[in-house]
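Engineer: Structure in structure tokens, see below.
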Amino acid sequence: MKKNKNIVIMSLMLLAFLSCNDDKFLDVNPSSETPEQALSSPTAATELVNAVYNKFLNWNESSFAWNGVSSMTSDDADKGSDPGDTGGDKDLMDAISFSPTSLSFNEVWEANYQGIARANQAIKFLPDLAIDETLKKRLLGESKFLRAMFYFRLAQMFGGVPLIKNVPNIQNPADIEAANTRATRKEVFKFIIEDLEAAAADLPTQYGGPDLGRATKGAALTLLAKVYMHMYKQEDSDLSIPERWQKVKDLTTQVMGLGYDLTDNYEDIWKEIGENNEESIFEIQARGETPNKGVEGYFVSQGARGAGGWGWGFNTPTQDLANAYEANDTRRDATIIFRGETLWDGLLVPNTVSNPMYNQKAYVSKTAETFNGNDWESNKNVRILRYAEVLLMNAEAALVVGGDAATPLNDVRERAGLGNAPVVNQMAVWKERRVELAFEHDRYFDLVRQGRAGTVLRAHGKNFVDGKHELFPIPQAQIDLSGGLLIQNPGY
């Protein structure tokens, strides 16, 4: 039993929140107070939930490993950098020759369970706090939305995973078993849906002032639609595939009525002036005060490498992605930094940089935007959910269950400077998703749910094996810590 207790704590890192030094709520003096007493003020309760948001700022959650797993594996991105710089295992991600011991998988596993631990703490304590009931309901909704996002990432990567629904009691055998046993994909998706439905019911449609950027009803509904879209296996739900697509259509239609709109200039989305604008549904919020609180290493690790550059040069656009844009598509230049070009802020990208292309969505201007010299945690938000994706999900759903697919599809194309799609069909929507959402961590998972990952990625020179690489391997370190109770995915 003692060994199993250690497994729970070490493998899932469910108590990691205790060592987080960036969360203000942890500064509350616990001397003779219960947690409920210590947190029973609106400020302290809000900081409890802020600690959940703050997990998205961490290196292991949103930066290097996540870029490797979700982006470099796809046909949109190469490892980049110099040939001899593997980034630990990013060369293996690029080639799809990774294994259960590849370090990126263990990093993202730990990161998302650390986030789940923080969310579970908030959801445990909030109901009993002596604070305004409206605020309490909202904070619970935010926590459930964030927990759902952590679990959604895990389900996309690994399929069924241990389902930790509350703060574990290491004296309780049931909690120990849950922490070391994989739930089915269906069970994980069901839990995510429950969290998002509860969040959507209790969250406001918008915020102002200091609360701008918190999870909204629109964010919960959008993520819920995305979850149904990614439930591509028949066994993922008791609903039929058409019924799931009807959910996608209904949910996105609801979001389309909440007042969102497309940013006039696509390139502006990725600038500081585009943060939390009319297209934004959910972003990771960076803060520019000293010391900065931005996403650790996200921007510098993807910046141009070499003489005259400003970063490490990882996660670079492929020529295949560059070729995927139609003539006059404004998204091409807004997505890709080309060696030798002059950027929107007047910076000349010298011909001496190491790679021919870089990710412009991860660019921070040191002259035209707020920048205080902190490359590691720069003051720039990372976009997670956008209204353009809502339109494309709505169009794709309409092609399955009926309805107007052309209007939402062509709205996205019009913003990009293009005419109406010559043909409105599944391939047209899939192509639009690729060029609209490049480097937003969707491409690999899109190819898998579309059933064409093997065909597309093998043509790109990657070692994709059908029946294996639709899911990533459960980290061997976690299997070992569980004493072999965690079962590996097929093929690994």
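Engineer: Could you pull out every residue, at least 5 positions away or on a different chain, whose amide H is within less than 5 Å of the one on Ile384? Hs are placed 1.01 Å off N in the peptide plane, and Pro or chain starts have none.
Structural biologist: Excluding prolines and chain starts, which carry no amide H, the hits are Phe282, Glu283, Ile284.
Engineer: If you only keep lysine pairs separated by 8 or more in sequence, or across chains, how many in the range 112-249 come under 18 Å at the Cα atoms?
Structural biologist: 25
Engineer: Right, here's the next one. Within 10 Å, Cβ to Cβ, of Phe282, how many net charges do the neighbouring residues add up to if Lys/Arg are +1 and Asp/Glu are -1?
Structural biologist: +2
Engineer: Any idea how far the Cα center of the range 300-350 sits from the one of the range 48-87, in Å?
Structural biologist: Answer, in whole Å: 18.
Engineer: Helix 426-436: angle to the longest alpha-carbon principal axis of the chain, degrees 0 to 90, nearest 10?
Structural biologist: 80 degrees
Engineer: Give the angle, between 0 and 90 degrees and rounded to the nearest 10, that separates the Cα long axis of helix 406-415 from the longest principal axis of the Cα atoms of the chain.
Structural biologist: Computed tilt is about 70 degrees.
Engineer: Amide H of Gly87 versus every other amide H placed in the peptide plane: which residues, excluding those fewer than 5 positions away on the same chain, fall under 5 Å?
Structural biologist: Result for Gly87 returns nothing.
Engineer: Still on this structure, I have one more. Restricting to DSSP H runs of at least four residues, report the calculated mean residue ellipticity at 222 nm for the chain, -39500 (n - 2.57) per run over all residues, nearest 500 deg cm²/dmol. Working shown, then result.
Structural biologist: Details: 20 runs with 214 residues, N = 492.
The per-residue figure over the chain is -13000 deg cm²/dmol.
Engineer: Could you name the lysines whose alpha carbon sits less than 30 Å from that of Lys366, not counting residues in the same chain fewer than 8 places away?
Structural biologist: Straight-line reach from Lys366, under 30 Å: Lys24, Lys55, Lys79, Lys90, Lys271, Lys293, Lys380.
Engineer: Sticking with this structure for a sec: Once the principal axes of the Cα atoms of the range 57-177 are found, what is the range along each, listed largest first in whole angstroms?
Structural biologist: On the principal axes, the range 57-177 reaches 57, 34, 20 Å in Cα extent.
Engineer: Then there is this: Determine the relative contact order of the chain: mean sequence separation of Cα pairs under 8 Å and six or more apart, normalised by residue count, in whole percent. Display every interim value, and only then the final one.
Structural biologist: Numbers: 863 pairs, mean separation 94.8, N = 492.
Reported as a whole number, the value is 19 percent.
Engineer: Show me the three semi-axes of the equivalent ellipsoid for the range 116-190, from the C-alpha gyration tensor (sqrt of 5 times each eigenvalue), largest first, rounded to whole Å. Could you put the intermediate results ahead of the total?
Structural biologist: Details: eigenvalues 121, 55, 12 Å².
After diagonalising the Cα gyration tensor, the semi-axes are 25, 17, 8 Å.
Engineer: I would also like to ask the following. P(r) of the range 244-333 in 10 Å steps, Cα pairs, percent per bin?
Structural biologist: 12, 26, 38, 20, 4, 0
Engineer: Send over the semi-axes of the chain's equivalent ellipsoid, whole angstrom and largest first, taken as the square roots of 5 times the C-alpha gyration tensor eigenvalues. Could you put the intermediate results ahead of the total?
Structural biologist: Numbers: eigenvalues 220, 132, 128 Å².
Result for the chain: semi-axes of 33, 26, 25 Å.
Engineer: What's the exposure ranking of Leu224, Leu262, going from fewest to most Cβ atoms within 10 Å?
Structural biologist: Numbers: Leu224 26, Leu262 19.
Exposure proxy ranking, most exposed first: Leu262, Leu224.
Engineer: Taking just the alpha-carbon atoms of the range 300-380, what radius of gyration and Dmax come out, in angstrom?
Structural biologist: For the range 300-380, the Cα radius of gyration and maximum Cα-Cα distance read 12.5, 38 Å.
Engineer: Hey, what D do you get for the range 55-105 in µm²/s if you plug the Kirkwood alpha-carbon radius into Stokes-Einstein at 25 °C and 0.890 mPa s? The partial results should precede the final answer.
Structural biologist: Numbers: Rh = 11.0 Å.
Translational diffusion coefficient: 223 µm²/s.
Engineer: Taking amide H positions as placed 1.01 Å from N in the peptide plane, with prolines and chain starts having none, which residues 5 or more places from Gly80, or on another chain, fall under 5 Å of its amide H?
Structural biologist: For Gly80, the qualifying residues are Asn315, Thr316.
Engineer: Give me a comma-separated list of calculated 3J(HN,Hα) values for the range 236-244, in order, Karplus coefficients 6.51, -1.76, 1.60 applied at θ = phi - 60°, integers in Hz, x for any Gly or Pro.
Structural biologist: Coupling constants for the range 236-244: 6, 7, 6, 6, 6, 4, x, 5, 5 Hz.
Engineer: Along the range 345-354, what does the Karplus equation 6.51 cos²θ - 1.76 cosθ + 1.60 (θ = phi - 60°) give for ³J(HN,Hα), rounded to whole Hz, x for Gly and Pro?
Structural biologist: In residue order, the calculated couplings are 9, x, 6, 8, 7, x, 6, 8, 5, 6 Hz.
Engineer: So how compact is the range 398-492: Cα radius of gyration and Dmax in angstrom?
Structural biologist: Final numbers for Rg and Dmax: 18.3, 58 Å.
Engineer: Per residue of the range 92-106, what does 6.51 cos²θ - 1.76 cosθ + 1.60 with θ = phi - 60° give for ³J(HN,Hα)? Whole Hz please, x for Gly and Pro, Karplus curve as stated.
Structural biologist: Result, rounded to whole Hz: 6, 4, 4, 7, 6, 10, 6, 9, x, 8, 4, 5, 4, 5, 5.
Engineer: Moving on. Angle between the Cα long axis of helix 185-202 and the longest principal axis of the chain, 0 to 90 degrees, nearest 10?
Structural biologist: 90 degrees
Each value in this text was obtained by applying a stated rule to the coordinates, not by laboratory testing. Just so you know, these numbers come straight off a predicted model, no measurement behind them. Every residue, glycine as well, gets a Cβ built from its backbone with ideal geometry; the counts of neighbours run over all protein chains shown.
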